[in-house]
Amino acid sequence: FLAGAAMQGPDTARSILSALDACARLPVDLVVIARGGGSKTELAWLDDEAIARRIAHYPLPVFTGIGHEIDSGVLDAGQGFKTPTAVAEALVGRFVDVARRLAAGATRLRSIWELRRGVTRERLHRAGTGLRQGTRKLLDQRRSELRRAAEGVRAEVGARLGREERRLAEGR
């Protein structure tokens, strides 16, 4: 967003304060006050106590880049940079740093995710193996129980047939 303001002349303070008020209502994270170089008398309009106080109590960071490398003023007391170019370099540096940290965080997140995925995959594999083995074991137990029951039935049938054969033989 661009909030225009007079950077020299009698309207400088009012204009900059109004622009700061406008920026405070915008969805921004930082305000930059920048102005190229000029004579000491042109830059003197920026040495205003009201502007300095507003910046000091502003709810957002305010970077200033006013003039040339040799110029300094009241506004440089906060996050002051020697030139508008220096402000731009600092901002680019911050973006590069954020991009680097995001990439490192993404790499860490990917590594943690891969590790957890591997642990979960191993856990699922063990659970599947346990389920197969448990099912096989249960089936084997049930088969054994059925065989024993069948043998018991066979023995009971054989014994009963034997009894019936003896009874029939005795009855003849």
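The values are calculated or read from the model by the stated rules, or taken from the named source; none is laboratory data. The shown structure was predicted, so the numbers you read here are calculated from the model rather than taken from an experiment. As a convention, Cβ positions derive from the backbone with ideal geometry for all residues, glycine included, and neighbour counts pool all protein chains shown. Surface accessibility is based on the protein's heavy atoms, side chains included, excluding ligands, DNA and RNA. Shrake-Rupley method; radii C 1.70, N 1.55, O 1.52, S 1.80 Å.
Calculate the tail of P(r) for the range 82-172: the fraction of all Cα-Cα distances greater than 19 Å, expressed in %.
Of the Cα pairs, 75 percent sit more than 19 Å apart.
Short version: ³J(HN,Hα) in whole Hz for each residue of the range 45-58, in order, from phi by Karplus 6.51 cos²θ - 1.76 cosθ + 1.60 (θ = phi - 60°), x for Gly and Pro, what are they?
Karplus values, whole Hz, x for Gly and Pro: 4, 7, 7, 10, 4, 4, 5, 4, 5, 4, 5, 4, 10, 5.
Along the charge dipole of the chain, pointing to its positive end and built from +1/-1 on Cβ of Lys, Arg, Asp and Glu, which listed residue (THR120, ALA24, HIS57) has its Cα farthest out?
The Cα lying farthest towards the positive end belongs to THR120.
Amide H neighbours of LEU30 under 5 Å, at least 5 residues apart or on other chains, H built in the peptide plane: list them.
none
Would you mind checking which residues have amide H under 5 Å from PHE81's amide H? H placed 1.01 Å from N; only 5 or more apart, or other chain.
Residues meeting the criterion, in which the H sits 1.01 Å from N, are THR64, GLY65, ILE66.
At a 1.4 Å probe, what is the % contribution of carbon and sulfur to the accessible area of the range 105-157?
C and S atoms contribute 59 percent here.
Probe of 1.4 angstrom, ligands and nucleic acids ignored: what's the accessible area per residue over the chain, in square angstrom?
Dividing the accessible area of the chain by its residue count gives 74 Å².
Between the range 34-50 and the range 133-154, what's the alpha-carbon centroid distance in Å?
The two parts, judged by their Cα centres, are 97 Å apart.
Using Cα pairs closer than 8 Å and at least 6 residues apart in sequence, work out the relative contact order for the range 1-54, in percent. The partial results should precede the final answer.
Numbers: 39 pairs, mean separation 25.0, N = 54.
Answer for the range 1-54 is 46 percent.
Using Cα pairs closer than 8 Å and at least 6 residues apart in sequence, work out the relative contact order for the chain, in percent.
Relative contact order, the chain: 15 percent.
Rounded to the nearest 500 deg cm²/dmol, what is the calculated helix-only ellipticity per residue at 222 nm for the chain, with -39500 (n - 2.57) per DSSP H run of length n ≥ 4? Mind showing how you got there, number by number?
Values: 4 runs with 113 residues, N = 172.
Using -39500 (n - 2.57) per qualifying helix, the result is -23500 deg cm²/dmol.
For the chain, report the convex hull volume of the alpha-carbon atoms normalised per residue, in Å³, without decimals.
171 Å³
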